[in-house]
Amino acid sequence: MARVYIEDIGQYDGQTVSLKGWLYNKRSSGKLHFLQVRDGTGVLQCVVFKNDVPPEQFELADHVTQESSLIVTGTVRADQRAPLGYELSVEDLQLLQLADAYPITPKEHGVAFLLDHRHLWLRSARQHAILRVRSAIIRACRDYFDGKGFTLLDAPIFTPAACEGTTTLFATDYFGERAYLTQSGQLYVEAGAAAFGKVYCFGPTFRAEKSKTRRHLTEFWMIEPEVAFLDLAGDMELAEDFIEYVVQRTLRECRRELQTLERDLAPLERVRKPFPRMTYGEAIDLLKKEGFTLEWGADFGGDEETAISNAFDRPVLVHRYPVECKAFYMKADPADPRLALCVDVLASEGYGEIIGGGQREDDLTTLEHKIDAHQLPRDAFSWYLDLRRYGSVPHAGFGMGIERAVAWVCGLHHVRETIPFPRMLERLRP
């Protein structure tokens, strides 16, 4: 008997098929047992009628436990009342393993308990939907850049120096030499842009931030494009087009999952170009009108980003922050050297920054001075400085954190649900 997947069940109406999966839930009614069986692609109601199976199988259906592994064979029947429009009339039921009492029950559980059992929590309908959306977003990100002729360039995980600041580095021993887990692949994709014109990297990044906010993880994934001969204006256009593509495609592909999450789709449907844009100075004025007391030169935190994004019905691009707020590699604005040619994209509905990027410093002497001013080891950046010695050109790019994007699209309160096994300040297991 050919195995089929639940997501394809509509193709087999009236046919006898076999499903391989796990018991998600069940209920009984006299001569009938209704088994909710999941196989990773969906959940299907399998109806066990007393007269259709041997007595021992009917008895098994009555006592089988949640998450027991099964092979269920039967005839596919159309049923408009069923969530998928089909159910299975069971003719044979095989038990592969009788599960122990499952620790995650329909009752309310605390977050700490669920995170301790994250390896099992992944099986729930909500977590399943979130991680399917995550998969779709990653696929859309890759397809966007692949479709525009970008070359994938894998950046290293071990690095000799900081990229985003020395206070958030995870240090490790590298055969007697101090090394760090990467904060970003950006410096390396700059080298790639000089070789291939336009590149992107996608991989895990690490920040040793002692933060317990709902937006921070110590390990997260970023996609980072970099383009030669691109300025800040072009970088903002690229980020805007990219976000629209990813959100709208995910909406098309994941409506069922977003419905499971009870996500209001209207705000996502409004994620269409053009996005509003404002300078850092204009953002300061907006925040003061909202009652914030910060002065020019201060960086924005979560509360400020939320207030700015709540003023618009779609993502907003905030550009030209003070140079002191940004990393050493950002190029200063020739029109006002106090400002960096940078941009942050703040997601709508108060979800804050999902993209940070800008134009890179392309002048060798200026970059050397910036490295010294930030008290960074010159020898660790000798290769990076070479990029300004041999054919330096204007170039720009950005990074988008996958977890924040998933939280936004799914409408989640905390990023801990956006990654299979979250790493946070006090969370290293499972």
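Candidates in the range 1-20 are the residues that are β-branched (Val, Ile, Thr) and part of a strand (DSSP E or B); of these, the one that is surrounded by the most Cβ atoms within 10 Å (Cβ to Cβ) is Val17. The C-beta contact set for the range 240-258 (first residue farther than 12 Å from Val406 by Cα, second residue in a helix (DSSP H, G or I) and open to solvent by 20 Å² or more (accessible area, probe 1.4 Å), distance under 6 angstrom, 6+ apart or interchain) comprises Glu257/Arg132.
Select from the range 78-106 the residues that are in a loop (DSSP other than H, G, I, E, B) and open to solvent by 90 Å² or more (accessible area, probe 1.4 Å) and write down the one among them that is nearest to Ser18 (Cα to Cα).
Taking the range 78-106 and keeping what is in a loop (DSSP other than H, G, I, E, B), we get 79-85, 98-106.
Next cut, open to solvent by 90 Å² or more (accessible area, probe 1.4 Å) only: 80-81, 83, 100-101, 106.
On the way: Gln80: 21, Arg81: 22, Pro83: 19, Asp100: 24, Ala101: 26, Pro106: 28 Å.
Looking at residues that are in a loop (DSSP other than H, G, I, E, B) and open to solvent by 90 Å² or more (accessible area, probe 1.4 Å), I get Pro83.
Scanning the range 60-77 for residues that are surrounded by 13 or more Cβ atoms within 10 Å (Cβ to Cβ) and not in a loop (DSSP other than H, G, I, E, B) turns up Leu60, Ala61, Ser69, Leu70, Ile71, Val72, Thr73, Gly74, Thr75, Val76, Arg77.
Restricting the range 152-174 to residues that are outside any loop (DSSP other than H, G, I, E, B) and either open to solvent by 50 Å² or more (accessible area, probe 1.4 Å) or of a type in the set (A, V, I, L, M) (or both), the residue that is modelled with the lowest pLDDT is Thr166.
Every listed requirement among (1) in contact (Cβ under 8 Å) with a residue 12 or more places away in the chain; (2) exposed (fewer than 15 other Cβ atoms within 10 Å of the Cβ) is met by Glu56 save one, (1).
The strands (runs of 3 or more DSSP E) found wholly in the range 176-285 and carrying at least 1 residues that are open to solvent by 30 Å² or more (accessible area, probe 1.4 Å) and over 23 Å from Gln127 (Cα atoms) occupy 177-181, 198-206, 277-279. Given Leu35, Leu23, which one is touching a helix residue (DSSP H, G or I) at 6+ places or on another chain (Cβ under 8 Å) and either assigned to a helix (DSSP H, G or I) or crowded, with 17+ Cβ neighbours inside 10 Å (or both)? Checking each option against the conditions leaves just Leu35.
In the range 380-429, the residue that is most open to solvent (accessible area, probe 1.4 Å) out of those that are more than 30 Å from Thr213 (Cβ to Cβ) and assigned to a loop (DSSP other than H, G, I, E, B) is Tyr390. Tallying residues that are open to solvent by 20 Å² or more (accessible area, probe 1.4 Å) and either free of Cβ contacts under 8 Å to residues at least 12 places away in the same chain or of a type in the set (D, E, K, R) (or both) within the range 353-365 yields 4. Total residues in the range 300-330 satisfying the condition of being in contact with a helix residue (DSSP H, G or I) (Cβ under 6 Å, 6 or more places away or on another chain) and either closer than 27 Å to Arg378 by Cα or basic (Lys, Arg) (or both): the figure is 3.
Give the residue, chosen from Pro315, Pro322, Pro337, Pro377, that is in contact (Cβ under 8 Å) with a residue 60 or more places away in the chain and surrounded by fewer than 21 Cβ atoms within 10 Å (Cβ to Cβ). Outline the logic, then answer.
Values: Pro315 fails: surrounded by fewer than 21 Cβ atoms within 10 Å (Cβ to Cβ); Pro322 fails: in contact (Cβ under 8 Å) with a residue 60 or more places away in the chain; Pro337 fails: in contact (Cβ under 8 Å) with a residue 60 or more places away in the chain.
From the options Pro315, Pro322, Pro337, Pro377, the qualifying one is Pro377.
For the range 277-295, does any single residue satisfy the condition of being in contact with a Phe, Trp or Tyr (Cβ under 6 Å, 6 or more places away or on another chain) and charged (D, E, K, R)?
The initial filter retains those residues of the range 277-295 that are in contact with a Phe, Trp or Tyr (Cβ under 6 Å, 6 or more places away or on another chain), namely 280, 284.
Adding the requirement that they be charged (D, E, K, R) leaves none.
Within the range 277-295 (the criterion being in contact with a Phe, Trp or Tyr (Cβ under 6 Å, 6 or more places away or on another chain) and charged (D, E, K, R)), the answer is no, since none of the residues qualifies.
The values are calculated or read from the model by the stated rules, or taken from the named source; none is laboratory data. Note that the structure is predicted; figures quoted are calculated from it, not measured. As a convention, Cβ positions derive from the backbone with ideal geometry for all residues, glycine included, and neighbour counts pool all protein chains shown. Only protein heavy atoms, including side chains, enter the accessible area calculation; ligands, DNA and RNA are left aside. Shrake-Rupley method; radii C 1.70, N 1.55, O 1.52, S 1.80 Å.
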